[in-house]
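What follows is a short report on a single structure.
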Amino acid sequence: MSALQMAMGRAWTALSTPHSRWSLGLLLAVGFVSGIVFWGAFNWGMELTNNEAFCLTCHEMERNVYQEYRGSIHDSNRSGVRATCPDCHVPHPWIYKMKRKIQASNEVLHKILGTVGTREKFESHRIELATHVWTAMKETDSRECRNCHNFAAMDLWRQQARARVRHSEAEAQGKTCIDCHKGIAHQLPAGAFTAEKNVNDVVVNGSAK
């Protein structure tokens, strides 16, 4: 038996055998406190990776989509209320947030591979990246948009006539925010309208053309 196997065996024995000098209450208390510390550290780490500053540590974001976002209605407006990267791209509910964080590991991989490491590479993948986001928003009924915007809370009569008509029609037809509001914070890629049709075919009809 190797030294490593012996060490692992001793560790397992120590963990699985009750200690004669430690009470069950002490063990439970230590476990409870350790759980709180771990959960606090875990959530602290989640918050560190869930803000605009963290997103901009990747130059692919800072040099491309962030430059398009600057000056948009979500960045600067008369009310001073901003929607930053995680507000639009990271769900609030915990289970969906964890799912999104796991998906982000694939983005870390492509960061390492340099898939969109230059402006030219980014532009060549722009339609693919946009389609992924549009599909996710379509499938979740624009969940992140609805953290701030909600048909039920809208006072349509305080909106401009064109917006009032469009929002009334959208609500009546069961449309979701992303159906009409693509390109509101980032440039529309070439081929956006064909990609939009494909997204609708996949999400609504279950088949791409």
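The values are calculated or read from the model by the stated rules, or taken from the named source; none is laboratory data. If you're wondering where the values come from, they're calculated on a predicted model, not measured in any experiment. Please note: Cβ atoms are built from the backbone with ideal geometry, for glycine as well, and neighbour counts cover all protein chains shown.
Evaluated against (1) out of contact with any helix residue (DSSP H, G or I) (no Cβ under 9 Å at 6 or more places or on another chain); (2) touching a residue at least 60 places away in the same chain (Cβ under 8 Å); (3) part of a helix (DSSP H, G or I), A29 falls short on exactly one condition, (2). Per the conditions (1) under 19 Å from R82 (Cα atoms); (2) surrounded by 16 or more Cβ atoms within 10 Å (Cβ to Cβ); (3) of a type outside the set (A, V, I, L, M, F, W, C); (4) at pLDDT below 95, the sole criterion not satisfied by N150 is (2). Working only within region 102-139, note down all residues that are out of contact with any helix residue (DSSP H, G or I) (no Cβ under 7 Å at 6 or more places or on another chain) and of a type in the set (S, T, Y). Hits for region 102-139 are S105, T118, S124. Here A83 fulfils each of the conditions (1) part of a helix (DSSP H, G or I); (2) surrounded by 11 or more Cβ atoms within 10 Å (Cβ to Cβ); (3) hydrophobic (A, V, I, L, M, F, W, C) apart from (1).
Per the listing V37, V108, V65, V33, the residue uniquely among the hydrophobic types (A, V, I, L, M, F, W, C), closer than 26 Å to R143 by Cβ and loosely packed, with under 12 Cβ neighbours inside 10 Å is V108. Quick check, is E196 part of a helix (DSSP H, G or I), modelled with pLDDT under 90 and surrounded by 13 or more Cβ atoms within 10 Å (Cβ to Cβ)? Taking the combined requirement at face value, the residue satisfies it. Listed by first and then second residue, the pairs with beta-carbon distance under 6 Å, at least 6 apart or on different chains, first residue in region 152-164 and in contact (Cβ under 8 Å) with a residue 60 or more places away in the chain, second of a type in the set (A, V, I, L, M) and surrounded by 10 or more Cβ atoms within 10 Å (Cβ to Cβ), form an empty list. Evaluated against (1) surrounded by 12 or more Cβ atoms within 10 Å (Cβ to Cβ); (2) under 25 Å from A192 (Cβ atoms), Y96 falls short on exactly one condition, (2).
Among the residues of region 68-103, the ones that are among the polar types (S, T, N, Q) and within 16 Å of the chain's Cα centre (by Cα) come to 2 in all.
Going residue by residue through region 160-182, is there one that turns out to be under 29 Å from Q67 (Cα atoms), surrounded by 13 or more Cβ atoms within 10 Å (Cβ to Cβ) and small (G, A, S)? The answer is no; no qualifying residue exists.
Under the condition of being exposed (fewer than 14 other Cβ atoms within 10 Å of the Cβ), part of a helix (DSSP H, G or I) and of a type outside the set (D, E, K, R), which residue from region 47-62 is modelled with the lowest pLDDT? Filtering first and then ranking leaves H59.
Can you find a residue in region 136-143 that is of a type outside the set (K, R), loosely packed, with under 13 Cβ neighbours inside 10 Å, modelled with pLDDT of 90 or more and not in a loop (DSSP other than H, G, I, E, B)? No, region 136-143 contains no residue that is of a type outside the set (K, R), loosely packed, with under 13 Cβ neighbours inside 10 Å, modelled with pLDDT of 90 or more and not in a loop (DSSP other than H, G, I, E, B). For E120, indicate whether it is of a type outside the set (K, R) and surrounded by 14 or more Cβ atoms within 10 Å (Cβ to Cβ). No: the conditions fail for E120. Number of residues in region 86-96 that are assigned to a loop (DSSP other than H, G, I, E, B) and more than 16 Å from M61 (Cα to Cα): the value is 3.
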